[in-house]
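Please read the structure below before turning to the comments.
What follows draws every value from the coordinates through simple rules; no lab data is involved. Computed from a prediction, not measured in an experiment: that's the story for all the values here. Glycine also receives a Cβ, built like all others from the backbone with ideal geometry; neighbour counts cover every protein chain displayed.
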Amino acid sequence: MQLPIYQVDAFTDKLFSGNPAAVCPLDAWLPDATMQAIAAENNLAETAFFVREDDGYALRWFTPTVEVDLCGHATLASGYVVFHHLKPALESVNFRTMKAGTLRVSRRGSELLEMDFPSRPAQAVAPPPGLVGALGGTPEAVLRARDCLVVYGSAAEVAALKPDFAALAKVDCWAAIATAPGENGVDFVSRFFAPAQGVPEDPVTGSSHCTLTPYWANRLGKTELEARQISPRSGALRCTLNGDRVSIAGRAVLYLEGKISV
């Protein structure tokens, strides 16, 4: 059996930057083990699979080792594939997910894609044992939603982090978001680490901004925010807090279109 596959660099307008995601449109769901094996073979942070459902699509995401409850960059990439390859007349598309509800991706102008996601505010907590040691640096605060949000004083400190991934994978935390105030027109920066989920460092993470956006909106007193994830590949996001929802917008670029044999 042959299946279509696309690889899209998300949250960037330049190839070889942003976050690469694989996207596999399906006529019907494959066995979970097969989708997990495809994701492992792709060896990207996320592979998205979707099937046609009513007036939209049902969508699932897999890292190389696990299925995840929410993924931003692979949703953006899926929207890109729908708009540019499957349904070019559409201006918006709905993706029904198993745990995050319905997510909408809409065109904004000729290049920008905007996602409507749930807000996931974090609450202040005592750092889980081993977290700070595994990440490094001297954080100012630790909060928690699905992920641990670790706040530092400067972008330079976040950029300089060299986490111990083996130690971090043992911490009671699904993933760790390191963040700090931005500069030069950027409101905040971040990095994202999830070694326990098969993703040591994710290049640009949409789902983390469901937590970052309400935190920085409250701290900075503004609802529209420019964000940059300062991984080696880097990426830009435009985030807006809309009550209990978050708009996350970015660009995407096609890298690969082909077929896989299963």
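Dipole magnitude of the chain about its Cα centre, charges +1 at Lys/Arg Cβ and -1 at Asp/Glu Cβ only, in debye to the nearest 20?
For the chain, the charge dipole is close to 180 debye.
Based on the Cα gyration tensor of the range 172-232, what are the three equivalent ellipsoid semi-axes, each the root of five times an eigenvalue, rounded to whole Å and given largest first?
Equivalent ellipsoid semi-axes, largest first: 22, 13, 8 Å.
Give me the base-10 log of I(q)/I(0) for the range 123-243 at each q in 0.11, 0.15, 0.22 Å⁻¹, Debye formula, one uniform scatterer per Cα, rounded to two decimals.
For the requested q values the scattering log ratios are -0.31, -0.59, -1.33.
Taking the Cβ of each residue in M1, M35 as the centre, tally the other Cβ atoms inside 10 Å and list the residues starting with the fewest.
Taking fewest neighbouring Cβ atoms as first place, the list is M1, M35.
Once you list every other residue whose beta carbon is under 14 Å from the beta carbon of A40, what net charge do they have if Lys and Arg are +1 and Asp and Glu are -1?
Combined, the nearby Lys, Arg, Asp and Glu give -4.
Would you compute, from DSSP H runs of 4+ residues alone, the mean residue ellipticity of the chain at 222 nm, taking -39500 (n - 2.57) per run and dividing by the full residue count, rounded to the nearest 500?
Taking each H run of at least 4 residues, the total per residue is -5000 deg cm²/dmol.
Any idea what diffusion coefficient the range 31-182 gets from Stokes-Einstein, in µm²/s, Kirkwood Rh on alpha carbon pairs, 37 °C, 0.692 mPa s?
In µm²/s, the coefficient rounds to 188.
Between the range 50-70 and the range 185-254, how many Å separate their Cα centres?
So the two Cα centres are separated by 21 Å.
Using +1 at the C-beta of Lys and Arg and -1 at the C-beta of Asp and Glu, which of L220, G198, G182 has the Cα lying farthest in the positive direction of the dipole of the chain?
The listed residue farthest towards the positive side: L220.
For the range 1-119, go through all pairs of different Cα atoms, get the mean of 1/r, take its inverse, and jot down that Kirkwood value in Å.
Here the Kirkwood hydrodynamic radius works out to 14.3 Å.
Just the ratio, please: alpha-carbon radius of gyration of the chain over 2.2 N^0.38 Å, N its number of residues.
Against the compact-globule rule of thumb, the ratio is 0.96.
Which of A122, A160, A40 moves most in a GNM of the chain, Cα contacts under 10 Å?
Evaluated over the chain, the most mobile residue of the options is A160.
Given charges of +1 on the Cβ of Lys and Arg and -1 on the Cβ of Asp and Glu, with all other atoms neutral, how large is the dipole of the range 123-243 about its Cα centre, in debye to the nearest 20?
Roughly 120 debye, rounded to the nearest 20.
State, to one decimal in nm, how far the label point of N218 lies from the label point of A126, with both points 7 Å from Cα in the Cβ direction.
2.1 nm
Indicate, rounded to the nearest 5 percent, the antiparallel portion of the DSSP beta bridges found entirely in the chain.
If I count the DSSP bridges inside the chain, around 80 percent turn out antiparallel.
Can you pull the one-decimal nm distance between simple spin-label points at W29 and D69, each 7 Å off the Cα toward Cβ?
So the label points at W29 and D69 sit 1.8 nm apart.
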